[in-house]
Amino acid sequence: MIHEIIIAGFGGQGVLSMGKILAYSGLMDGKEVSWMPSYGPEQRGGTANVTVILSDERISSPILNEYDIAIILNQPSMDKFESKVKPGGILIYDDYGIQKPLTRTDLQVYRINAMDTATKLNMSKTFNMIVLGGLLKIVPMVKFESVMKGLKKTLPERHYSMLPANEDAIRTGMEIIRKV
C-alpha cells in the first residue's frame, strides 16, 4: 500500500512537524518513507507544505504531481492543491482558514474544526496533532504507538511534558473529524 500525502497551510501551524511525525511513525512501522518540506523564506505566516509518502515498497521518487490525500489548512493552499488530489482521493480541511467552497465533487471530503477546538480547549500548541488525529481516524496508515514514538523523537526533550497533551489532541482529532 502507498499513501502519497500533501499537508499544506501557513508557516507556524505545525505543517512540517505534522509531516515529520507521520514520516517517523512510518519508519517505526517498517515502511519506506519520503518527507519533503517546502516553504518560503518567511516561514511563520507564509505558506508551507510538506509531501509525505508512506509505502510498503521502495519509493521511486519523492516528487509528486498528484496526491492520494491532501490536508489543507488555509485558502491559498486550497487554491493550489485541490486540483492536484487524485480523483477519488481524500481531502481534509480545517474550515477556519477556508473562505471559498470546494469545487471538486469527485473527492472524499472531510472537515475537521481543529482551530476552533484547539482554541476552545486551550490547546493551541497541539492544533496540528488534532489534524493528524483526524487523518489517522480516516486512514489508519500507522499505529498509534508509532505516532507517539515519532512525536517523542521530533520533540525536544525540554517539551516532553507536552506528550500527554499531544496524545489527547490526537484522540480529540479522531473524535471531531466529519465527512462532508
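The values are calculated or read from the model by the stated rules, or taken from the named source; none is laboratory data. These numbers were taken from a predicted model, which means no experiment stands behind them. Methodologically, a virtual Cβ is constructed for each residue, glycine included, from the backbone with ideal geometry; neighbour enumeration extends over all protein chains shown.
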Residues of the range 140-156 that turn out to be outside any loop (DSSP other than H, G, I, E, B) and either among the hydrophobic types (A, V, I, L, M, F, W, C) or over 19 Å from Gly14 (Cα atoms) (or both), as a count: 5
Cβ-Cβ distance below 6 Å, separation of 6 or more or different chains: which pairs start in the range 43-58 with a residue that is modelled with pLDDT of 95 or more and end on one that is part of a loop (DSSP other than H, G, I, E, B) and crowded, with 19+ Cβ neighbours inside 10 Å? Leu54/Lys31; Leu54/Met141
Selection count where residues are acidic (Asp, Glu) and within 20 Å of Pro76 (Cβ to Cβ), scope the range 91-115: 2
Tell me which of these Ile6 doesn't satisfy, since it passes every other one: (1) within 21 Å of Ile177 (Cβ to Cβ); (2) over 12 Å from the mean Cα position of the chain (by Cα); (3) aliphatic (A, V, I, L, M); (4) surrounded by 14 or more Cβ atoms within 10 Å (Cβ to Cβ). (2)
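Does any residue of the range 166-178 turn out to be closer than 20 Å to Gly30 by Cβ, crowded, with 21+ Cβ neighbours inside 10 Å, among the hydrophobic types (A, V, I, L, M, F, W, C) and in contact (Cβ under 8 Å) with a residue 40 or more places away in the chain? Let's see the steps before the verdict.
Start the filter on the range 166-178 by keeping residues that are closer than 20 Å to Gly30 by Cβ, which leaves none.
Within the range 166-178, none of the residues are closer than 20 Å to Gly30 by Cβ, crowded, with 21+ Cβ neighbours inside 10 Å, among the hydrophobic types (A, V, I, L, M, F, W, C) and in contact (Cβ under 8 Å) with a residue 40 or more places away in the chain.
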Could you please give the count of residues in the range 83-114 that are aliphatic (A, V, I, L, M), modelled with pLDDT of 95 or more and more than 18 Å from Met18 (Cβ to Cβ)? 2
